[in-house]
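Before any comments, here is the structure.
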Amino acid sequence: MNQGNPSAPPGWHVQADGRERYWDGAQWTDQYRAAPTAATAHPVPAAKKSGLPGWWKPAAVGVGGFLLGLIIGGVGDSPSTVAGPKPTPTVVVTRPVTATKSATVTATPTVTLSVTTGPPAPAVAIKEGTWTVGRDIEPGTYTTTAEVASDCYWSITKSGTNGGDIIENDIVKGGKPTVTLSEGQDFKTSRCGGWTKIG
């Protein structure tokens with residue numbers, strides 16, 4: 001087809017070099033193919049209605065190839081493929097923390113009371129033995145709790161003389177003897193039984 005004939009219908013047209021080139025009805029495209037043999041039938045592609053100029057496709061292909069080359073080159077230089085020492089991983093060990101509870105202990109003080117007691121009160125009953133009037137027995141008048149049978153001995157002496165200073169004494173062989181005792185005296189009774197204060 002003569003390249004200067006713009007009235008040719010869209011389709012594949014043989015060029016001077018033996019290849020076919022596609023005419024879209026308005027201009028030549030950059031689509032080429034080998035001329036088909038007699039036994040090969042080629043369908044006619046639909047006419048393009050794009051308003052873009054015919055040179056945009058090869059330009060887009062070229063730019064795409066350029067970008068693809070940049071991507072491949074960038075991947076080839078990726079740090080993950082470069083040989084070298086690998087960073088040492090940092091291991092963080094976390095230990096469990098045991099909480100210790102503190103208990104508040106309230107101490108109760110122990111109070112010990114020390115009670116000092118004085119000497120026992122003088123008795124109002126007399127048993128066998130020697131007793132100091134005013135300390136061991138109360139002053140007063142005493143009589144035996146029961147009648148004596150025989151050989152009841154009692155004595156009243158001055159305190160502090162160990163029985164040497166006799167004020168009064170007696171040996172009773174029956175009845176219920178009676179004595180009057182004052183402070184500063186010692187009273188001794190033997191085989192008379194108990195004595196009880198009567199006054």
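Go through the stretch 12-26 and count every residue that is touching a residue at least 12 places away in the same chain (Cβ under 8 Å) and more than 14 Å from Pro36 (Cα to Cα).
Matching residues across the stretch 12-26 total 4.
Looking at the structure I just gave you, is Ile137 surrounded by 17 or more Cβ atoms within 10 Å (Cβ to Cβ), touching a Pro at 6+ places or on another chain (Cβ under 7 Å) and of a type in the set (Val, Ile, Thr)?
It is true that Ile137 is surrounded by 17 or more Cβ atoms within 10 Å (Cβ to Cβ), touching a Pro at 6+ places or on another chain (Cβ under 7 Å) and of a type in the set (Val, Ile, Thr).
For the stretch 133-183, which residues satisfy the criterion of being under 18 Å from Ile198 (Cα atoms) and of a type in the set (Ser, Thr, Tyr)?
Of everything in the stretch 133-183, those that are under 18 Å from Ile198 (Cα atoms) and of a type in the set (Ser, Thr, Tyr) turn out to be Thr141, Tyr142, Thr143, Thr144, Thr145, Thr178, Thr180, Ser182.
Looking at the stretch 144-166, which of its residues are part of a strand (DSSP E or B) and either surrounded by fewer than 15 Cβ atoms within 10 Å (Cβ to Cβ) or within 60 Å of the chain's Cα centre (by Cα) (or both)?
Tyr153, Lys158, Ile166
Rule-based calculations on the coordinates, nothing more; no lab input. Everything numeric here is computed off the predicted structure, so don't read it as measured data. Cβ coordinates were reconstructed from backbone atoms using ideal geometry, including for glycine residues, and neighbour counts include every protein chain displayed.
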